[in-house]
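I have placed the structure first, in the form of structure tokens, so that the comments after it can refer back to it.
The values are calculated or read from the model by the stated rules, or taken from the named source; none is laboratory data. What you see is a predicted model, and the numbers here were worked out from it, not measured in a lab. With ideal geometry, Cβ positions are generated from the backbone for all residues, glycine too; neighbour counts draw on all protein chains shown. Areas reflect the complete protein model, heavy atoms only, side chains present, ligands, DNA and RNA absent. Shrake-Rupley method; radii C 1.70, N 1.55, O 1.52, S 1.80 Å.
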Amino acid sequence: MKPVKVGLLGLGTVGGGTFNVLQRNAEEIARRAGRGIEISHAAARDYDPAHLPGIEHIQISEDAFGVVEDPELDIVVELIGGYEPARELVLKAIANGKHVVTANKALIATHGNEIFAAAQRQGVMVAFEAAVAGGIPIIKALREGLSANRINWIAGIINGTGNFILTEMRDKGREFADVLAEAQQLGYAEADPTFDVEGIDAAHKLAILGSLAFGIPLQFDKVYTEGISRITGEDVSYAEQLGYRIKHLGITRRTGSGVELRVHPTLIPDRRLIANVDGVMNAVLVHADAVGPTLYYGAGAGSEPTASAVVADLVDVARTLTADPENRVPHLAFQPDALSDLPILAMEDVETAYYLRLCAQDQPGVMADITRIFGDAGISIEAILQQEPQEGEQTVTVILLTRAVRERQMNTAIGRIEGLDTIEGHVTRIRVEHLSGQ
Ligand code: HSE
């Protein structure tokens, strides 16, 4: 059978990795796909031929639109990233009848509904395994491996840069900015690193996971997003004393009143496997009704790990080129006409437990005031940790762990506590998840 012809947009970290993996494993990949997969045309502004042996045999230009218009190509791989011109290129490729493989989480999370509808009309596939958790085949698992299940919730460490920063802060006491600079040097961080540290990258990925889990349209704009830039070494160390680790989690859960979509730093018990996922590694924990919990772990970023997912998508597309469009695995796991309009819950309606750190004046009655406010708000306290005041200091740090409560109630209680004359500054709040059972 004739090889499948592929056009590549971008020869950077992931594009270069994709080229090299396809070259190196060409024979094995052809045995799996049933035919060869050949990159014949690429668009790149900047690339390093020294690290791409064989690149001289393919047509390369700076014109990405030239690639999507190339009539010889069956599949276009978009590895440019960002919203535009990636969206325009992908839509043009689809309009030209080409299948698309992309690693672009920002594009899928924000324009996926439009892109999938266009692909549906044209009878082409858009594959995006590399968009979530790099090399971990989590999209394959959700769309196919778990298709017997009703999924209850997903909690994932889905940003390697953020996890690397939190791990280094905990293990080596390093400063936030210093670790971020290293992640940038290693090629893990997004072009705009605020996407990593403020949770936007994780929110893109979570929007995709939520849609795949619950069969709802992509709704990135409804993801509650909080980054790790305000996590201090102090909180990391108090969490540890209480038997928890702080991880930056993306959580999506089906509840009786809607779907939660939230990204925020989270205390999780240190005995959970996912609490021990360190460095740039990613992990996604899926809780489903029939299988129970399953955990997917691996490299969430980097050249060849991400290329592994891109090439797997190419094999998938190559295998199904001859299948009727209606018999293919649906883009969002559920048939397009069977998507549900379950509401996405506002953060105020989400229930979680909390870790709170506050700075209180060292005088009688302060603790009584705090506990009264919690009692009035119907919030149950699970643990209290109070440090002895440092010599000469008039204030003490108080750490509280609460039981699960609706965020709205907690906002009211925190507002009242911050209003006490005996409390200094703001109350630090980090949500707590036990990640067990339902
Ligand atoms: N910046 C991302 C991360 C890259 O650190 O996980 C992979 O999406």
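Descriptive notes on the structure:
- Relative to the 2.2 N^0.38 Å rule of thumb, region 138-299 has a C-alpha radius of gyration ratio of 1.02.
- Highest mean packing comes first when the peptides 198-204, 70-76, 371-377 are listed by Cβ atoms within 10 Å, giving 198-204, 70-76, 371-377.
- Close amide H partners of V100, meaning residues 5 or more places away or on another chain with modelled amide H under 5 Å apart, are V76, M125, V126, A127.
- To put it simply, the accessible area of region 350-435 at a 1.4 Å probe is 42 percent carbon and sulfur.
- Here the 3J(HN,Hα) profile of region 219-225, calculated from phi with Karplus coefficients 6.51, -1.76 and 1.60 at θ = phi - 60°, is 9, 4, 5, 9, 7, 6, 10 Hz, Gly and Pro shown as x.
- Relative contact order (%) - the chain, alpha-carbon pairs under 8 angstrom, separation at least six: 16
- The phi-based Karplus calculation (6.51 cos²θ - 1.76 cosθ + 1.60; θ = phi - 60°) puts the 3J(HN,Hα) values of region 345-350 at 6, 6, 4, 4, 9, 8 Hz, whole numbers, x for Gly and Pro.
- Links that overshoot a 30 Å alpha carbon limit, given the list K172/K222; K92/K222; K172/K205; K92/K140; K2/K92: K172/K222
- The distance from the alpha carbon centre of region 60-118 to that of region 198-277 is 29 Å, rounded to a whole number.
- Protection proxy ranking of 265-275, 311-321 - average other beta-carbon atoms within 10 Å, highest first: 311-321, 265-275
- Region 138-299, accessible surface, carbon-and-sulfur percent (1.4 angstrom probe): 49
- A straight line joining the Cα centroids of region 279-324 and region 1-33 runs 17 Å.
- Residues of the chain: accessible area per residue with a 1.4 Å probe, Å²: 42
- Working ranking of peptides 158-166, 177-185 by packing, defined as the average number of other Cβ atoms within 10 Å per residue, highest first, is 158-166, 177-185.
- Each residue of region 94-111 was assigned a 3J(HN,Hα) from its phi angle through the Karplus expression (A = 6.51, B = -1.76, C = 1.60, θ = phi - 60°), giving 4, 4, 7, x, 9, 7, 10, 10, 9, 9, 8, 5, 4, 5, 5, 5, 9, 10 Hz with x at Gly and Pro.
- Tilt relative to the chain, helix 366-376 - C-alpha long axis, 0 to 90 degrees, to 10: 60
- The chain: calculated mean residue ellipticity at 222 nm from DSSP helix runs of at least 4, using -39500 (n - 2.57): -10000 deg cm²/dmol
- Normalised by residue number, the volume inside the convex hull of the Cα atoms of the chain is 143 Å³ per residue.
- In region 351-432, Rg over Rh equals 0.95, where Rg is the alpha-carbon radius of gyration and Rh the Kirkwood radius from pairwise Cα distances.
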